[in-house]
Each structure stands twice: as structure tokens, then as C-alpha cells.
Amino acid sequence: MLGGTTRMTISITVLVMETTGSMQLIIPLMITIFFAKNIGDRYSMGIYDTHIKIRGAPFLNEPEYAGVAADKLKVAEVMADSLVTLKPVMRVRDLVNALTSTSHGAFPVTVTDVGDGHESGQPIELHGSITRNLLLKMLTHRVAMFDPEEPREVSVRSVQLPPFHTQIPNH
């Protein structure tokens, strides 16, 4: 009954096996729980799915990237032909050009020029990666932009914190 209600096959099998301690019943028990789950899936939702629906909680369906179709794909079928890298410091115009000319979701950040002169298979020094969404947010809010002609000064502000003993309540 628990296998059909909760749809948890392995945990229910282990639970019943540990409570009864009867190893000779494991095969009939596994078959019974398997059929209870399949019949329950065919005719109704599980108890946890029912409670989610009753409470009105949002249930997000995740797209399935695994399975038969993904098993047949080769890396060459889904990867980009050319490597597009970004420099740690670059012009906004070059960044916008990289974003508009590709549909990549993320970009490697490197100082190595991976252009026409770079041989395929040669190592590059990777500084990290950055996603397209983060780049778009940075461009929208003008984060980390500066004029290369203006001298930049790094200023460190000191923060005065109250003494530690004033932050602890006396009870």
C-alpha cells in the first residue's frame, strides 16, 4: 500500500525488509511494490503530488535533456565550431560584438588571443568563465565600466565598527 501511495519503491522495500528481517520475502516484496507503484502511477497521482496540488505550490517541470535522444548525440553535434573568448579587460564595443555575433551561454575569460593565429589543441591560460546573463546585467547597470584614458585610483575606505562588547546583550 505504501508503494502505491508514496511511489517510493526502493525505500519502502528497505523499510519493510528491516522491520520484518525476513530475507526470503525480498523478491515477492519487490514485485508487489513494483506493481503497486505502476498501478498507482496509471490511475492517480502520488500523495506528495496531491498535496502539492492542494496547497497550490508551483511545480516546475524540468526539461529532460537526458534519455534516448541525448544518448545518441555526439559532442560535435552540439558544440560551437569556433571558440569565442573574452579578455579580463576589454572595450564595451568588443563585448557587445561578441554577444551579438554568437548565441553562447557562457564565455571563457583568458588573456591568450584565441584568434586565427592560435593553433587548435594548444593550451590557453584560463582565468575563469562568465555567463551571458551576467554580462547583460553588467552592461545594463554599467557595472565595472571605466574609461581607459582616465587614471584610476584604488581607494580603500576604513569602516569604524563599535567595540565588540557593546554588541553582546547582557542577560
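Computed from the coordinates by the stated procedures, all read-outs in this text should not be read as laboratory data. These figures come from a predicted structure and were not determined experimentally. In this analysis, Cβ positions are derived from the backbone assuming ideal geometry, glycine residues included, and neighbour counts consider all displayed protein chains.
What are the ³J(HN,Hα) values, in whole Hz, obtained from phi via the Karplus relation 6.51 cos²θ - 1.76 cosθ + 1.60 with θ = phi - 60°, for each residue of the range 15-20 in sequence order, with x given for Gly and Pro?
For the range 15-20, the Karplus curve yields 4, 5, 5, 6, 6, 7 Hz.
By how many nm would the segment from residue 140 to residue 104 grow when fully extended, if each residue of separation counts as 0.36 nm and the alpha-carbon distance is taken off?
Result: 11.1 nm gained on full extension.
By per-residue mean of other Cβ atoms within 10 Å, what is the highest-first order of 27-40, 45-58, 9-22? Before the final figure, lay out each step's value.
Details: 27-40: 14.9, 45-58: 10.7, 9-22: 12.8.
My ranking of the peptides, most packed first, is 27-40, 9-22, 45-58.
Using the Karplus curve 6.51 cos²θ - 1.76 cosθ + 1.60 with θ = phi - 60°, work out ³J(HN,Hα) for each residue of the range 41-47 in order, rounded to whole Hz, and write x for Gly and Pro.
5, 6, 9, 7, 8, x, 5
For the range 75-140, what is the convex hull volume of the alpha-carbon atoms per residue, in Å³?
Values: hull volume 6.9 nm³, N = 66.
Output value, Cα hull per residue: 104 Å³.
Can you list the residues, at least 5 places off or on another chain, whose amide H is less than 5 Å from the amide H of residue 106, using H built in the peptide plane?
132
Just to check I understand the Karplus step: with θ = phi - 60° and J = 6.51 cos²θ - 1.76 cosθ + 1.60, what whole-Hz values come out for the range 100-113, glycine and proline as x?
Values per residue, Gly and Pro as x: 7, 8, 10, 10, 4, x, 8, 10, x, 9, 8, 8, 5, 7 Hz.
Roughly speaking, what is the stretch gain from residue 82 to residue 14, that is 0.36 nm per residue apart minus the C-alpha to C-alpha distance, in nm to one decimal? Walk me through the numbers before you get to the answer.
Values: separation 68, 0.36 × 68 = 24.48 nm, distance 5.08 nm.
So the chain would gain 19.4 nm between residue 82 and residue 14.
From the alpha carbon gyration tensor of the range 5-62, can you work out the equivalent ellipsoid semi-axes (sqrt of 5 times each eigenvalue) and give them in Å, largest to smallest?
On the way: eigenvalues 160, 30, 14 Å².
For the range 5-62, the semi-axes come out at 28, 12, 8 Å.
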